[in-house]
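J.: Have a look at this one.
Since every read-out is calculated from the coordinates, none of them should be taken as a lab result. Since the structure is predicted, the reported quantities are computational estimates derived from the model, not experimental observations. Quick reminder, even Gly has a Cβ in these numbers, built from the backbone with ideal geometry, and neighbours come from all protein chains shown.
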Amino acid sequence: TRIFQSVNCVKLLYAFLSFAGVSCNSVEKKIYVHLNYTVSCVRLLNATHQIGCQSSLSGNVGVLHVLESEENLDWVLHSGPNPPYMVILESPLFTRSVMMKLKNGSGRVAGVAVVAPNTNPAEGFSPHTTCPNENTGVYSETYEPTMANCNMTVWNPLGNGLSYEEFDFPIFSLKDDNDTQVIRQCYLDHNRAGNGSTPQYPLCAMQLYSHMSAVTDTATCMRRNAINFSLNPEMVCDPLGDQNVWASTRPLNNTAKGHKMWESVVIAAARLDSRSFFFDIAPGAQSGVSGFVTLLAAAHALRNATQEAQPNRTILYTFFQGETFDYIGSSRMVYDMENKQFVVDLDNVHSVLEIGQVGLRADSKLWLHTDPVSRRNESVNKEVEDLIGNLRSAATGLNVTVDVPGFSQPLPPSSFQRFLRARPIPGVVLEDHQSAYTNKFYESMYDNAENLNVSYPPNLTPEEQLEYITDTAVTEVATMVARALYRQAGGEESQLSSIKADPQIVTKMLYSFLVRSNNSWFQQLVPSDFTSYLANRPPNFYVGVVQQSSEPTLLVQYLLANLTGSTINITQDNCKNQREDESDKMYNYMWVQGAAPPNSTEREGYCVRSTARLSKALSPAFDLEQYTSKNFSTWTESRWKFIKGRIFLVASHELEMLTLGVGVGVLLSSLLVTYIISSKADILFSSGREPTNATY
Amino acid sequence: MSHIPDSRWRKAVKFSVCLTWKQQRGETKKNAIQKNKEEEVLSDCQHLVIWRRFSDFLALEISGGFAFLPFLWLVNVVWFFREAFVKPAYTEQLQIKTYVKRSALGLLLWVAVLTTWITIFQHFRAEWGEVGDYLSFTIPLGIP
Amino acid sequence: MTASVFFGCTFIAFGPAIALFLFTIAREPLRVIFLIAGAFFWLVSLLLSSLVWFISVQISNKESAVQQKGLLIFGVVLSVLLQETFRFAYYKLLKKANEGLLALSQEETMPISIRQLAYVSGLGFGFMSGAFSVVNILADSVGPGTVGIHGDSQHYFLSSAFMTMAIILLHMFWGVVFFDACEKQRWWAVAAVIISHLVVSCLTFQNPEYVTSLVPTYVILFLMGIWAFYTAGGSFRNLKLCLTCKDKDFLLANHRPR
């Protein structure tokens, strides 16, 4: 191919490439500018619907139009002379009303690119629904009709439901940077009409590719996955899913599934995932990170206490994946518990404490949400009261006040609801809101470090930022949760004062999950083969498809192992092969790469023994092949070939037709002339001695 | 030449002789006697050529027609149309004519049936859902 | 809709060549063979020049714009010289082949005259160089975009197509003149061909200014055309005869059996 390239080069010499080329630059480069940062909205499917966006197979092409105001939509939808248009939206215009007008734009809209701002909008934005996971929680018509469909409380009043709409054009997100500036400039140079006049060709246009393979619903796409008698069998969609992370304060024999005699566990749960309108950006700071960082910090605070003075109940830390999409992780764990596929079963579960969104406390208040329906049962109510009592007493002496919302208020969307669906288990969900979310950016791309008020003084290096203590509020909550869990597990009250979450660890975690995962701390805590996944940006908390574990899952597992486990002195081989002595089945061993000593570049790895493990977080609907299930999540993600975009100029129709006309003219006239010449060649070329010559 | 009916085998041999003779014809110089003889041979050869075409036709019919191959019928109609309808009449032409007509009829029937089915299938494939998918050989990506 | 640009440019670039091929070459197998052989010879010259180019780019300083520009000019000149060398090599080969053909043939005259060979091989050169100069431009002309986002002229495709047409025709004329010059050992004519080829190639360095490269190229094309016309045995008298439709008497007078 090198030779071929060089042939190309000489070819280009003859291709009259103007620039007297410094290097081999191709015609393609003269025409197209490719977008570097392409984040798209993709198609997801469930039992009944498809949501998201898609382009045509060969990409959607449209003339650029930068939308300045909602009134300006008229140009795109009616008056503009060069449809279809590729609409560039500034984020304040990325609203439901604009998007729905564009969606019904009768084919005049080729696609939309949203310019993400560098600061969050003040008024809030949530593309999620107002009632998240409406149909797969516990509050169904049969459970309690008055509470179904968020009748009592609308949890996410800002939700505009855009994430659950279906668009038949691609929607991309653009960072507000050089790329976007190039697009804007191209628009200003070519497409901006003077007062009332129409813009002149050539016009600046954009092409967006995000063609999705799956269509209609999960049943259809799973069926098409299974059909493989065609010429080129091709998978079209994959179930959403990942792995749950769990660990216990007492080692549990993981090879023996089902009921454990004499075992009583307190489940401490948090959710791991989030989403936004665009599949590749899901910072989930408040909706996910605040909760699981609190739980991780609490687990760390409990390490010593549970090892020194073992309480009589086991605390089971669980981090559920895919909760955003109809409780994939928790429904799977409950299903596994019911079917003796998990290390404990539901009979072993004593109570549940779930940490929801706890990052934005107003007046440092935390709200203890409980389920009024199950509390109608006297014994359950007593257990719940006890748990609330433990939480209250744990909060004393801390800068946290806990309160209970009205007794008749149902639970907010939470993993605990899936446990309640199975049986009335006592439990509390810890939130920072009494009724509606305090989070103004629920499941949006703005639910980021800024939303959690995690900020750093200017001019700090990444390492200094990592060490900088930004926040103590989450630490307080973590301490409270740890103490409450310890009491709930039956631990001694005397131990409580020694249980304290470490603000250093908390802020390091917040930095790692909200600012950049590639930092010296995380590098020490992960196995060497995972380092390539650490990035200079926050992880993406979108659950993704089931085939691969997402980055946050593994990060949380490594963190949990390091924060709750202990370092043991065995060889790397034994560690990697899960061999110690007799306690093989009780623990999980992990070789992490550790830090380098001050005067060396070679890292000194070590073995971490912990109970941190992964369990399946794939909706049971896919194991049962019930693709129209109403009980379990049926979300699948369509496959696609590529997601990309480019901008370029388009020539006027007249110029194209002129080119074709000239071409046909040249062809016809040369046919005619050649025919005449060749038929009269005898006369034309007759002076020579030779009878015939060049042209016949 | 006399017109005693020849056996199939003799006809085939004669046909190949005709072919070689035809190839040579262009290259030799002719005189009047030769020309006369040539015409005689030519008429005989013509006959044989037609016979050969007819047996070709039958062979096509037997090998393909029974297999309901509309494409073969299309070939028949196109290939033998001149033979059946344009060329001056000869003995076997009537037979060829009927076969060509039948081929054309079959072809039309097939085209009608196929067009109807394809229209129905393309129109309702998405609606049929599961059945539609199982009937499809390749399922288009991204459309119902 | 840009398929129209693709077809338009293809017709412009290759229309005359296709017409010539259809009416004068396609029917005679020998001419087709010599056409393809000519195209092959051009290809070999391109291979050689690209090898040299490849090596020299590797050893050059890639940062220095002056050096790269110099390299480009060197590449063009070298490529032109190589092409003309191969044209000469092809001429020599054809002379030898013609003797062979003459020996084989039973008739006294050659099956193809050296003038016809000149024309056919020139067209072969033209076809190949035209294809190589315009194919990747044509490939990109199909796409939705047109040239110009970096401020280039949007007539790029059109002017490239016209340039290619000129190059193809020029190769044909050069072939005729060159072979004739070799035959008659008029070396100044060979030099004229090489120089005009060099000039045309270097004109493309003007290129964002398409007018300044296209107009002189077409002037040269016109002059070369006239020269080739006379070389091939044409004359003003013949042309006049032809145009005033006196050819019938002329034909009768000069009628020869084929």
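J.: Just need the Rg to Rh number for segment A:543-665, please, alpha carbons only, Kirkwood Rh.
T.: Values: Rg = 27.5 Å, Rh = 20.3 Å.
Result: Rg/Rh = 1.35.
J.: State the extension gain, in nm to one decimal, for the chain segment bounded by C:I195 and C:H150, taking 0.36 nm per residue of separation less the distance between their alpha-carbons.
T.: Working: separation 45, 0.36 × 45 = 16.20 nm, distance 3.40 nm.
Stretched out fully, the C:I195 to C:H150 stretch lengthens by 12.8 nm.
J.: Let me ask you something else. Once R0 is set to 60 Å, what does the formula 1/(1 + (r/R0)^6) return for the Cβ-Cβ distance between C:W187 and A:Q504, expressed as a FRET efficiency to the nearest 0.05? Mind showing how you got there, number by number?
T.: Details: r = 89 Å, r/R0 = 1.49.
Efficiency at R0 = 60 Å is approximately 0.10.
J.: Let me ask something else about it. List the residues of segment A:139-171 whose backbone N lies under 12 Å from a point placed 7 Å from the Cα of A:S408 along the Cα-to-Cβ direction.
T.: A:146-147, A:152-153
J.: From the helices alone, meaning DSSP H stretches of at least four residues, give me the mean residue ellipticity at 222 nm for chain A, per-run term -39500 (n - 2.57), in deg cm²/dmol to the nearest 500. Before the final figure, lay out the partial values.
T.: Values: 18 runs with 193 residues, N = 696.
Result for chain A: -8500 deg cm²/dmol, rounded to the nearest 500.
J.: I've got another one for you. Using just the alpha carbons, could you tell me how many Å³ per residue the convex hull of segment C:1-116 encloses? All intermediate terms of the calculation are to be shown ahead of the outcome.
T.: Values: hull volume 17.2 nm³, N = 116.
Enclosed volume per residue, from the Cα hull, is 149 Å³.
J.: Measure of size requested: the Rg and Dmax of segment A:255-410, with Cα atoms as the atom set and Å as the unit; please supply both.
T.: Looking at segment A:255-410, its Cα Rg and Dmax stand at 16.7, 47 Å.
J.: At a Förster radius of 35 Å, what calculated FRET efficiency corresponds to the Cβ-Cβ distance of A:I568 and A:N149, to the nearest 0.05?
T.: Details: r = 52 Å, r/R0 = 1.47.
Plugging the Cβ-Cβ distance into 1/(1 + (r/R0)^6) gives 0.10.
J.: Just to be sure I understand the curve: with the Debye formula and one point per C-alpha of segment B:66-144, what is log10 I(q)/I(0) at q = 0.15, 0.26 Å⁻¹?
T.: -0.65, -1.12
J.: Using a basic spin-label model with each label point 7 Å from the Cα along Cα→Cβ, how many nm lie between B:R82 and C:L102?
T.: 4.3
J.: Can I ask one more? Say R0 is 35 Å: what FRET efficiency, to the nearest 0.05, do B:D56 and B:A126 get from their beta-carbon distance? Can you show the working numbers first?
T.: Numbers: r = 46 Å, r/R0 = 1.31.
Efficiency, from the Cβ-Cβ distance: 0.15.
J.: Taking each residue of B:128-138 in turn, how many C-beta atoms of other protein chains fall within 10 Å of its C-beta, and what is the average? Could the numbers behind the result be given before it?
T.: On the way: counts 0, 5, 4, 0, 1, 6, 3, 0, 4, 3, 5.
Per residue, the average neighbour count from other chains is 3.
J.: Still on this model: Please give, to one decimal in nm, the separation of the simple spin-label points placed at A:D189 and A:N118, each 7 Å out from Cα toward the Cβ.
T.: So the label points at A:D189 and A:N118 sit 2.3 nm apart.
J.: Oh, and also: Across every pair of different alpha-carbon atoms, what Kirkwood hydrodynamic radius in Å does segment C:1-233 reach?
T.: On the way: mean 1/r = 0.0530 Å⁻¹.
Hydrodynamic radius (Kirkwood, Cα only) of segment C:1-233 equals 18.9 Å.
J.: Loop-only check: which trypsin sites (Lys or Arg not before Pro) in segment A:626-666 are DSSP coil with at most 14 other Cβ within 10 angstrom?
T.: Details: sites: A:K630, A:R639, A:K641, A:K644, A:R646; in loops: A:K630, A:R639.
Passing both the DSSP loop test and the Cβ count: A:K630.
J.: Can you work out D for the protein assembly as shown in µm² s⁻¹ from Stokes-Einstein, where Rh is the Kirkwood radius over C-alpha pairs, the temperature is 20 °C and the viscosity is 1.002 mPa s? Write down the numbers at each step before the final one.
T.: Details: Rh = 36.7 Å.
Rounded, D is 58 µm²/s.
J.: How many partner chain Cβ atoms sit within 10 Å of a residue's Cβ in peptide C:174-181, on average, as a whole number? If you can, show how the numbers build up before the last one.
T.: Working: counts 0, 1, 3, 0, 0, 0, 1, 0.
Taking the mean over all residues of the peptide, I get 1.
J.: Can you tell me how much longer the chain between A:L57 and A:S97 gets when fully stretched, taken as 0.36 nm per residue apart minus their C-alpha distance, in nm with one decimal?
T.: Values: separation 40, 0.36 × 40 = 14.40 nm, distance 2.78 nm.
Answer, rounded to one decimal: 11.6 nm.
J.: Something else about it: Could you work out the mean count of beta carbons from other protein chains within 10 Å of each residue's beta carbon in C:204-211? Numbers along the way, then the final one.
T.: Numbers: counts 7, 5, 3, 6, 5, 1, 2, 0.
The mean count of partner-chain Cβ atoms within 10 Å per residue comes to 4.
J.: Something else about it: Could you tell me the largest-minus-smallest coordinate of the C-alpha atoms of segment A:451-578 on each of the three principal axes, in descending order and whole angstroms?
T.: 46, 44, 32
J.: Here is a follow-up. For segment A:33-114, what is the per residue volume of the convex hull drawn over the alpha-carbon atoms, in cubic angstrom?
T.: Working: hull volume 10.0 nm³, N = 82.
Hull volume normalised by residue count: 122 Å³.
J.: Which of A:K340/A:K630; A:K641/C:K62; A:K101/A:K440; A:K175/A:K616 have a Cα-Cα distance over 30 Å?
T.: Result: A:K641/C:K62; A:K175/A:K616 exceed 30 Å.
J.: Based on the Cα atoms of segment A:132-283, what semi-axes does the equivalent ellipsoid have, where each is the square root of 5 times one gyration tensor eigenvalue, given in whole Å with the largest first?
T.: 46, 24, 20
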